[in-house]
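A.B. asks: Here you go, one structure.
A short reminder: the numbers here are calculations on the coordinates, not readings from a lab. No experiment lies behind these values; they were computed from the predicted model shown. Here the Cβ is made from the backbone with ideal geometry for all residues, glycine too, and neighbour counts use every protein chain on show.
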Ligand SMILES: [Zn+2]
């Protein structure tokens, strides 16, 4: 690694994404960026890798979470002696209060109805809660937001990069290296996951638009290297981002062509986009589909035209704007 003060520790996960990278920064504080998953193997490998760089778990002064997903935040409780830093928008998933879980269930039930999901798929809400259990349960000691310096590391700044999750942050070094969490991954495109709103009467966040904005923000930094949560370091970030944004736009126009053929629901489009995996990966594929629909709505290519029971029917606007 170019920066001698970063150590990359790679931890196995039981999730489809495979290994996750965590990072140790040595400055005036010893900081672990992301913890890896809450599994026996994950913990063992993390302890071994810390040892290889001369550290015990007790030597970690603080943990910074790029985001709350279980492959990144699972072991936050294990580092109970360290201060925990996270963005406030991700904390609701770390603490999982009764009121948040109520909102969670209510929101996804309504969201699935609007997407046109048949009721026998609603069991997914319970399955999603199983995944939440792997996130560890610990509130942040302090919040980090846009522009904050990482305590003990005055050369690292926080960049908010919402989209893959709410409250996703990246860490930007003054040398223009970036620790990017799941913002930009070389071998796969990050999924903009649908999350509940921040209050019962609030609109839900629109993660595809947030994600595109975060990618553009990253590109504008012209980073030398992005150290990701998964896969190899990204050295040509701006080129990769241009390609990702272009592909997403083309994908969205393909979705519009499906709607031009037949006005329909999000779930029907999801089935056409992911005929082989939608049943197994319903949460991810529906999020990806909604991302394209949200994007098309935002650029005026489609509109929510009608209702079929509680489900929203999308209609393409005439003309193609490229
Ligand atoms: Zn991840």
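A.B. asks: Between residue 113 and residue 284, what length comes free when the chain is fully extended (0.36 nm per residue of separation minus the Cα-Cα distance, one decimal in nm)? Present the calculation step by step, with values, prior to reporting the outcome.
C.D. replies: Values: separation 171, 0.36 × 171 = 61.56 nm, distance 1.67 nm.
That pair, residue 113 and residue 284, stretches by 59.9 nm at full extension.
A.B. asks: Could I ask something else about it? Remind me, what semi-axes does the range 243-307 give for its equivalent ellipsoid, largest first in whole Å, using sqrt of 5 times each Cα gyration tensor eigenvalue? List each step's numbers first, then the result.
C.D. replies: Values: eigenvalues 62, 48, 21 Å².
With the √(5λ) rule applied to the range 243-307, the semi-axes are 18, 15, 10 Å.
A.B. asks: If you don't mind, another one. Using the alpha-carbon atoms, what tilt in degrees (0 to 90, nearest 10) does helix 98-115 show relative to the longest principal axis of the chain?
C.D. replies: 40 degrees
A.B. asks: Helix-derived [θ] at 222 nm for the chain: sum -39500 (n - 2.57) over DSSP H runs of at least 4, divide by residue count, nearest 500? Please list the in-between numbers first.
C.D. replies: Details: 9 runs with 117 residues, N = 322.
Calculated at 222 nm, the ellipticity per residue is -11500 deg cm²/dmol.
A.B. asks: Can you work out the FRET efficiency for the pair residue 187 and residue 303, with r the C-beta to C-beta distance and R0 = 25 Å, to the nearest 0.05? Mind showing how you got there, number by number?
C.D. replies: Numbers: r = 35 Å, r/R0 = 1.40.
With R0 = 25 Å, the Cβ-Cβ based efficiency is 0.10.
A.B. asks: Just rank 182, 141, fewest to most, by other beta-carbon atoms within 10 angstrom. Walk me through the numbers on the way to the answer.
C.D. replies: Values: 182 26, 141 12.
Sorted ascending by nearby Cβ count, the order is 141, 182.
A.B. asks: Taking 0.36 nm per intervening residue step and subtracting the Cα-Cα distance, what contour gain separates residue 245 from residue 262 on full extension?
C.D. replies: Once the chain is fully extended between residue 245 and residue 262, it gains 3.5 nm.
A.B. asks: Moving on to the next point. At a 10 Å Cβ-Cβ cut-off, how would you order 121, 108, fewest neighbours first?
C.D. replies: Working: 121 15, 108 21.
If I rank by nearby Cβ atoms, fewest first, I get 121, 108.
A.B. asks: Based on the Kirkwood radius over alpha-carbon pairs, what is the Stokes-Einstein translational diffusion coefficient of the chain at 37 °C with 0.692 mPa s viscosity, in µm²/s? If you can, show how the numbers build up before the last one.
C.D. replies: Values: Rh = 20.5 Å.
Answer, rounded: 160 µm²/s.
A.B. asks: Right, something else. In nanometres, what is the gap between the two model label sites at residue 198 and residue 19, each 7 Å from Cα along Cα-to-Cβ?
C.D. replies: Here the answer is 3.7 nm between the modelled labels.
A.B. asks: If the range 189-293 were replaced by its equivalent ellipsoid, with semi-axes equal to the square roots of 5 times the Cα gyration tensor eigenvalues, what would those be, largest first, whole Å? Write down the numbers at each step before the final one.
C.D. replies: Numbers: eigenvalues 142, 62, 40 Å².
Taking √(5λ) for each eigenvalue gives 27, 18, 14 Å, largest first.
A.B. asks: What ranking do 99, 165, 142 get, fewest neighbouring Cβ atoms within 10 angstrom at the top? Working shown, then result.
C.D. replies: Details: 99 9, 165 29, 142 13.
With the sparsest Cβ surroundings first, the list reads 99, 142, 165.
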